[in-house]
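J.: Structure incoming, see below.
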Amino acid sequence: MNGFFQDPPRIGNQFDEDRVLTSYLRRKLPLEIYSEVISGLRRLGQRAVSDLALIADQAESSPPKHVPYDAWGHRIDHIEVSYGWRMLHRIAAEEGIVATAYERRYSYYSRILQAAMIHIFNPSSAIYTCPLAMTDGAARVIEKYGDEEMKARAFVLLTTRDPERFWSSGQWMTERSGGSDVSRTETLARREENGFSLYGPKWFTSATTSEMALALARIEGAVEGSKGLSLFYVEMRDQWGRLKNIQVNRLKDKMGTKALPTAELSLLGTPARLIGQEGKGVRQVASMLNITRIYNSVCAVSYLRRGLALARDYGFRRIAFGSQLAEQPLYLETLARLQALYEGMFLLTVRVAELLGREETGHLAAGEHSVLRILTPVTKLFTAREAVAGLTEIMECFGGAGYVEDTGIPRILRDAHVLPIWEGTTSVLSLDVLRAIERENALAPYLVDMRERLSQVRRPELIPQKALAEHGLEKLATFARRLHGARREPAEAVARALAYSLARLTIVSLLLESAGWHLDNDGDIRPMYSLRRWCAQELVTAQFPEESTLHEDRVLGLDQDTRSGTMPIEWRPGSYPEV
Ligand code: MFK
């Protein structure tokens, strides 16, 4: 039977085909480093569309299983993972995805190289990047706060390229009381002769097949709240592979990240060692969170890029209304908007990776510590939210096919949906940005850094966008002055708009830098076109809400009936304290 069959989208080498990635590395890396790393990235780019993709598909189609008992009734709590998942562990080690950051062969450029590797690897990894993110974060915590024994054992195994020895780490923070607010952590650490034993529930533990984990717990007798929390190093299994007083209650049945085992655990006297200082658990685990947040950002950007590559190719294969989609104005407008989004998000993310590398190798300039502090949550929250929005649009580019499971498109969207949630939700991270500004005074160095970058823009074609960015920066500075001494309610209500404004302004400054470099060096006008799209929107949307707006938030948000007499019918001066 003859008939029409739609050609599926096809993509090639995920390094070579990614103009934004390759041109960024050409611009940023010293020539000798660029020449040395390019063949490895190209090889990884090919793997991403060949063996890696197949292995990830296998892992995805064989989700992990919890086997609580053996045939004889012994509690074993075995978590069975697929062949593909185990292979991804090996490949990640061989490719040196974590190791690259700690070998520091290219000084602070190592974190840029690593970001490029994760960018290529992630969309073909069944999100094996989750254990890698935590592994990397754990390595950093041990490097900074661990004792000599932890450094000689765990650090070496977390950062090795040897697949036989490579360890991954979990991160145990979340309990039944929540993952955002850890102050009500119930896990208790009891002092023993040779360390501590942990008792209590952990409600979301990702990658529960890891060899070790970092866990928050309260030492018996410590104060309530998060100031009483300490950080512990846990090796999960004994020499025979049995869990050390850990019970797996069940695996979570999640919307996405199907290959990744995520478990509910009970710690029943699990041996643990204190890391660093008692009561400094949250502060110390922040080093891990900042790294997992950067991974999260790279992954968000990489999913958007993968979806866009598929949608672009599909534009040439799909004929509708007499022509290819790729010839139709509205399809082109959609792709262009997504490409500009991708290019901006990419530059923001690699800027943070570069700053992380500078911090780790002692190359931060004055004030850049604050820039890293503020941009890490800004980048995580912005890229995650925007990736989900962009991928929703990409799903629509495929029409009904995009909604069909075995095209692979739903999986990308499902997996991306976790990114705004774990490692700090959009709102929690917006409040973190606010705290970094209010408590750590991080905005002033950020403004200096931005003004410095904008002052370098010289090309006449870019002057209108430079002026817009400068205007936005002044608006932000004016806004920030009002933050000092402001009441909590309006400051918190505007925190998300503030974080978004910071993201957009930073992206515009980075696009100005990139567009200028390309106009000067190779005549590529695409970064300038992306820049224009970004500048076509309001850059700074943060403004203090009027008292009346806070009132409206309450009435609308809670859908309260103001006629009941318990609420003021309309806002009127004095019905709420002054903003
Ligand atoms: C693809 C990537 C995949 C990654 C997957 C990983 C899967 C893992 C799944 C999970 O575990 S999800 C759960 C993740 N949980 C979070 O992300 C926690 C979200 N909540 C926060 O981030 C809160 O802001 C936080 C718990 C950190 C706030 O805690 P508190 O108790 O209100 O603490 P506070 O007073 O804000 O900060 C305590 C100390 O830490 C302060 O320092 P000092 O003790 O010196 O005053 C802060 O300055 C410091 N700190 C907090 N956040 C920091 C930080 N320092 C640097 N960077 C930060 N981000």
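J.: Going by what's in this entry, would Gly279 be described as closer than 24 Å to Ile120 by Cα, within 16 Å of the ligand (Cβ to nearest atom) and surrounded by fewer than 20 Cβ atoms within 10 Å (Cβ to Cβ)?
T.: no
J.: Sort out which residues of region 57-95 are closer than 16 Å to Cys130 by Cα and either of a type in the set (A, V, I, L, M, F, W, C) or assigned by TED's automatic domain parsing to the domain that holds Met236 (or both), and write them in order of number.
T.: Ala59, Val81, Trp85, Met87, Leu88, Ile91, Ala92, Ala93
J.: So Asp432 clears everything in (1) farther than 30 Å from Thr292 by Cα; (2) part of a helix (DSSP H, G or I); (3) touching a helix residue (DSSP H, G or I) at 6+ places or on another chain (Cβ under 6 Å); (4) not hydroxyl-bearing (Ser, Thr, Tyr) except one condition, right? Which one?
T.: Every listed condition holds for Asp432 apart from (1).
J.: Considering only residues that are polar (S, T, N, Q) and part of a helix (DSSP H, G or I), which ones fall in region 104-120?
T.: Ser110, Gln114
J.: Okay, moving on. Restricted to region 130-145, and to residues that are surrounded by 24 or more Cβ atoms within 10 Å (Cβ to Cβ) and away from the ligand (no atom under 13 Å from the Cβ), which residue is nearest to Thr100 (Cα to Cα)?
T.: This residue is Ala139.
J.: Out of Gln284, Gln239, Gln247, which single residue is more than 14 Å from the ligand (Cβ to nearest atom) and either part of a helix (DSSP H, G or I) or modelled with pLDDT under 95 (or both)?
T.: Gln239
J.: Of the residues Gln14, Gln58, which is over 30 Å from Leu511 (Cα atoms) and touching a residue at least 24 places away in the same chain (Cβ under 8 Å)?
T.: Gln58
J.: If you scan region 175-212, which residues turn out to be of a type in the set (Ser, Thr, Tyr), outside any strand (DSSP E or B) and within 10 Å of the ligand (Cβ to nearest atom)?
T.: If the condition is that a residue be of a type in the set (Ser, Thr, Tyr), outside any strand (DSSP E or B) and within 10 Å of the ligand (Cβ to nearest atom), then Ser180, Ser183, Thr185 are the ones that fit.
J.: Go through (1) at negative phi; (2) surrounded by fewer than 16 Cβ atoms within 10 Å (Cβ to Cβ); (3) in contact (Cβ under 8 Å) with a residue 12 or more places away in the chain and name the single condition Gly195 misses.
T.: The failed condition is (1).
J.: Sticking with this one: Out of Ile421, Ile412, I need the residue that is within 15 Å of the ligand (Cβ to nearest atom), assigned to a helix (DSSP H, G or I), among the aliphatic types (A, V, I, L, M) and outside the structural domain of Trp534 (by TED's automatic domain parsing). Which one?
T.: Ile412
J.: Among the residues of region 77-91, write down those that are over 16 Å from Glu60 (Cβ atoms) and touching a residue at least 40 places away in the same chain (Cβ under 8 Å).
T.: Asp77, Ile79, Arg90 - these are the residues of region 77-91 that are over 16 Å from Glu60 (Cβ atoms) and touching a residue at least 40 places away in the same chain (Cβ under 8 Å).
J.: I'm told Glu489 meets every condition in (1) assigned to a helix (DSSP H, G or I); (2) crowded, with 17+ Cβ neighbours inside 10 Å except one. Can you identify the failing condition by its number?
T.: So the condition that Glu489 fails would be (2).
The values are calculated or read from the model by the stated rules, or taken from the named source; none is laboratory data. The structure presented is a predicted model; accordingly, all values stated were derived computationally and were not measured. FYI the Cβ positions are ideal-geometry reconstructions off the backbone, even for glycines, and counts take in every protein chain you see.
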